[in-house]
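Contents: one structure, followed by commentary.
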Amino acid sequence: VQLQASGGGLVQAGGSLRVSCAASGRTFSSYTMGWFRQAAGKEREFVAAIGRSGGGAYYADSVKGRFTISRDTAKSTVFLQMNSLKPEDTAVYYCAATTAGSSYRNYEVYNYWGQGTLVTVSS
């Protein structure tokens, strides 16, 4: 499956942004989808994941209550709605897909990655 992330940009602290990830290729519904981020000089970290059917969503503690992950099967797209953004949310955001049945917070279980989209939150 090929993944194309988009929607990043510059936003002020407290603002909102939605990033998207369009999938093409094999059946979108076969994959659990995740979002990771990597800030400059830091390791890639888990942000959120959503199960194949969209029924289960998982979040990092740092974004819980502010970010919402969702998927549109008809459009083969996964979204990350980010509200109440903070400067520490500044990073390149990557979408990823996995067929694994668990360990969604572990980037090593993801088989496919998008190219990343930069989100910058100014203070």
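The values are calculated or read from the model by the stated rules, or taken from the named source; none is laboratory data. In this text, all values refer to a predicted model and were calculated from it rather than measured experimentally. Positions of Cβ are generated from backbone atoms using ideal geometry, with glycine treated the same way; all protein chains shown enter the neighbour counts. SASA here: full protein model, heavy atoms, side chains in, ligands and nucleic acids out. Shrake-Rupley method; radii C 1.70, N 1.55, O 1.52, S 1.80 Å.
Of note:
- Those residues of the range 75-123 which are touching a residue at least 60 places away in the same chain (Cβ under 8 Å), in contact with a helix residue (DSSP H, G or I) (Cβ under 9 Å, 6 or more places away or on another chain) and among the aliphatic types (A, V, I, L, M), in sequence order: MET82, ALA96, ALA97, ALA100, VAL119, VAL121
- Residue in the range 95-105 that is of a type in the set (D, E, K, R) and either assigned to a strand (DSSP E or B) or open to solvent by less than 60 Å² (accessible area, probe 1.4 Å) (or both) present: no
- Residues located in the range 1-51, provided they are at pLDDT 95 or above, of a type in the set (Gly, Ala, Ser) and in a loop (DSSP other than H, G, I, E, B): GLY7, GLY8, ALA13, GLY14, GLY15, SER16, ALA39, ALA40, GLY41
- Checking each residue in the range 59-90 for being assigned to a loop (DSSP other than H, G, I, E, B), touching a Ser or Thr at 6+ places or on another chain (Cβ under 8 Å) and within 24 Å of THR27 (Cβ to Cβ) picks out THR73, SER76.
- Per the conditions (1) in contact with a strand residue (DSSP E or B) (Cβ under 9 Å, 6 or more places away or on another chain); (2) over 19 Å from GLN12 (Cβ atoms); (3) open to solvent by 40 Å² or more (accessible area, probe 1.4 Å), the sole criterion not satisfied by ASP61 is (1).
- Of all residues in the range 28-38, exactly one satisfies the criterion of being open to solvent by 20 Å² or more (accessible area, probe 1.4 Å) and either closer than 16 Å to THR117 by Cβ or free of Cβ contacts under 8 Å to residues at least 12 places away in the same chain (or both), namely GLN38.
- Counting the residues of the range 106-123 that are assigned to a strand (DSSP E or B) and over 20 Å from ALA57 (Cα atoms) gives 6.
- Flag if GLY25 is without any contact (Cβ under 8 Å) to a residue 40 or more places away in the chain and either closer than 24 Å to SER123 by Cα or open to solvent by 30 Å² or more (accessible area, probe 1.4 Å) (or both): yes
- Extreme residue, farthest from SER53 (Cα to Cα), among residues of the range 68-94 that are open to solvent by less than 50 Å² (accessible area, probe 1.4 Å) and of a type in the set (Asp, Glu): ASP89
- Residue selected from the range 39-58 under the condition farther than 14 Å from ARG105 by Cα and open to solvent by 60 Å² or more (accessible area, probe 1.4 Å), by the criterion farthest from the chain's Cα centre (by Cα): GLY41
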